[in-house]
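Everything below concerns the one structure shown next.
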Amino acid sequence: MASSGKIRVLCVDDHPLVRDGIAFALQQQSDMELVAQAKNGIDAIAAFRQHRPDVTLMDLQMPQMNGIDATAAIRSEFPNARIVILTTYSGDIQASRALKLGAVGYLLKGMLRTELIDTIRSVHAGHRRIPPEIASEIAEHYSADALSDREIEVLRVVASGCSNKIVADKLFISEDTVKGHMKSILAKLQANDRTHAVMIAMKRGFLEG
């Protein structure tokens with residue numbers, strides 16, 4: 001481990017352009033250094049073990065292992081790991097999940113140019129960093145009923161354009177059961193119809209992955 005006094009950063013993202021952009025931004029800072037990069041969750045765990053970074057920037061959507069699972073694995077082995085989640089959208093379900101696992105920050109990729117450096121310094125100093133729009137999403141839906149695993153399963157098949165009968169066949173349940181699940185889903189998501197329910201579920205992160 002280096003003793004330069006710099007904030008040591010691990011960047012995890014499956015898009016080379018994102019990694020390059022972050023690497024360039026960190027090069028401009030005299031108090032930071034990029035110690036490693038990874039393109040999926042499996043590589044991220046190995047890189048964390050090897051380099052023990054001060055701050056980890058973790059993408060959510062990646063092949064082989066996503067950012068949520070990688071965060072869980074790293075935090076279970078290194079409880080003091082400071083992990084900032086990177087994502088393209090402000091889905092409150094994913095944000096809540098990441099924060100419950102111990103992530104200390106959440107950063108929208110559209111805000112990297114303006115918020116990246118301040119976020120790294122802030123979480124390194126021991127603070128949490130959550131953008132206002134994500135915080136408000138979490139607060140807005142905090143008391144809302146979450147979808148059950150079965151409801152998410154039903155909605156995922158519905159999202160592929162299947163009718164109730166096909167959903168029932170695929171999941172080995174009755175068509176009436178599917179209708180019951182859909183009624184519950186519409187109520188919980190306050191959706192007008194099936195299409196609206198799928199859109200809301202995707203935005204909030206229920207149908208991630």
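A few comments on the model shown:
- Of all residues in the range 149-186 being closer than 16 Å to residue 199 by Cα and outside any helix (DSSP H, G or I), the one that is nearest to the chain's Cα centre (by Cα): 160
- Taking the range 1-103 and the helices (runs of 4 or more DSSP H) fully enclosed by it, the elements with 1 or more residues that are at pLDDT below 95 are at 16-27, 67-77, 92-100.
- Some residue of the range 174-190 being under 30 Å from residue 7 (Cα atoms) and surrounded by 14 or more Cβ atoms within 10 Å (Cβ to Cβ): no
- All of 157, 123 fail the test of being of a type in the set (A, V, I, L, M), farther than 30 Å from residue 25 by Cβ and either open to solvent by less than 80 Å² (accessible area, probe 1.4 Å) or modelled with pLDDT of 90 or more (or both), apart from 157.
- The single condition among (1) open to solvent by 40 Å² or more (accessible area, probe 1.4 Å); (2) within 18 Å of residue 122 (Cβ to Cβ) that residue 63 does not satisfy is (2).
The values are calculated or read from the model by the stated rules, or taken from the named source; none is laboratory data. Worth saying up front: this structure is predicted, and the values here are computed from it rather than measured. Quick reminder, even Gly has a Cβ in these numbers, built from the backbone with ideal geometry, and neighbours come from all protein chains shown. The area values use the complete protein model at the heavy-atom level, side chains included, leaving out ligands, DNA and RNA. Shrake-Rupley method; radii C 1.70, N 1.55, O 1.52, S 1.80 Å.
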